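Throughout, read-outs are computed from the coordinates displayed, never taken from laboratory work. The shown structure was predicted, so the numbers you read here are calculated from the model rather than taken from an experiment. Positions of Cβ are generated from backbone atoms using ideal geometry, with glycine treated the same way; all protein chains shown enter the neighbour counts.
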């Protein structure tokens, strides 16, 4: 059995329940083809580097698993059929050096969920409550400093012109 890492980006338009069902379907695809899931990393909703099918965001999910190489083609075929997936990538770890790196990634992932469970709700809730305030409050503050800053650059410019 070879070591693999699989990153899947799910459409952001799905509800939380639909995303959970898609993730369980992805895991079922792997296990039904003889794969053994070692670790999972739910990265959450992220902004994409570029729009994919007019989606600026996507729900990212990483799975570390072991599987026979012959079964990968079937797994990727079933990913292509699923219309709720924006993108996926499967990375194969072959050499001893790569397998060692895979093991380190798995160890890191195993340690993450403990931290995420404690801190994730607090950090997710805080930006949502702060975001509307910061959008409304800085607008007047942003106007005041710009009016104060505007004369300051003009003064050195007039001095430079006078010289």
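What to note about this one:
- Relative to the current alpha-carbon distance between residue 82 and residue 21, full extension at 0.36 nm per residue lengthens the span by 20.7 nm.
- Each residue, residue 14 and residue 55, gets one label point 7 Å from its Cα in the Cβ direction; the gap between the two is 0.8 nm.
- Whole-Å semi-axes of the ellipsoid equivalent to the stretch 2-113 (Cα gyration tensor, √5λ, descending): 23, 16, 13
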